[in-house]
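A.B. asks: Got a structure for you, questions after.
The values are calculated or read from the model by the stated rules, or taken from the named source; none is laboratory data. This is a predicted model, so every value here is computed, not measured. Because the Cβ atoms are built from the backbone with ideal geometry, glycine has one as well, and the counts that use them run over all protein chains shown. Keep in mind that these areas ignore ligands, DNA and RNA; they rest on the heavy atoms of the full protein, side chains included. Shrake-Rupley method; radii C 1.70, N 1.55, O 1.52, S 1.80 Å.
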Amino acid sequence: MSVVPLMDARTAPLLVRSLFESGDPGPIAAALAHVPEMAEVALPFIGRVLGPSHLDLRTKEIVILRASAVARCRYCVDAHTAAALDSGLDHAEVATLRRADAPSALHTDREAALVAFVDVVAGERGPLAP
């Protein structure tokens, strides 16, 4: 599996050095620093999605982890597996969100319906193999 090396203040292109002014900007920003044009538009969007809103972090991570699995983005699935566990999902829930039988391990009908919705919207190309 390929790994995107994370930039640091010393190696970052000039256009994204401001990301490192306060220290480590986190792995998403440090990875996106490879493509300043993408970082410029993606980071404000990511901040908005993951920032404060009416949706709790658990709900956001269910959507993100499932959409990542459906899209077969190994990097996203790996990153959001850890984030999902931190948001209150348990290991069984995370494991099942990564597979085709996602709704079965979720605690509520609302969450199962949310996963079914993500599968439809994301095109359900198939689960990410563990």
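A.B. asks: Which of HIS91, HIS107, HIS80 ends up with the largest GNM mean-square fluctuation for the chain, with Cα atoms connected below 10 Å?
C.D. replies: HIS107
A.B. asks: Now for a separate question. Roughly what would the spin-label model give for ALA112 and ASP24, points 7 Å off Cα along C-beta, in nm?
C.D. replies: So the label points at ALA112 and ASP24 sit 4.0 nm apart.
A.B. asks: Another one. Per residue, how much accessible area does the chain show when a 1.4 Å probe rolls over the protein heavy atoms, in square angstrom?
C.D. replies: For the chain, the per-residue accessible area is 61 Å².
A.B. asks: Please go through the range 34-103 and write out the trypsin sites (Lys or Arg not before Pro) that DSSP classes as loop and that have at most 13 other C-beta atoms within 10 Å.
C.D. replies: For trypsin sites (Lys or Arg not before Pro) across the range 34-103 that sit outside H, G, I, E and B with at most 13 neighbouring Cβ atoms in 10 Å, the list reads ARG72.
A.B. asks: Sticking with this one: With a 1.4 Å probe and all protein chains left in place, how much of the accessible area of the chain comes from carbon and sulfur atoms, in whole percent?
C.D. replies: With neighbouring chains kept in place, the figure for the chain is 63 percent.
A.B. asks: Now for a different question. For the chain, go through all pairs of different Cα atoms, get the mean of 1/r, take its inverse, and jot down that Kirkwood value in Å.
C.D. replies: 15.8 Å
A.B. asks: At 222 nm, what helix-only mean residue ellipticity would the chain give, in deg cm²/dmol to the nearest 500, using -39500 (n - 2.57) for each DSSP H run of four or more?
C.D. replies: It comes out at -16000 deg cm²/dmol, rounded to the nearest 500.
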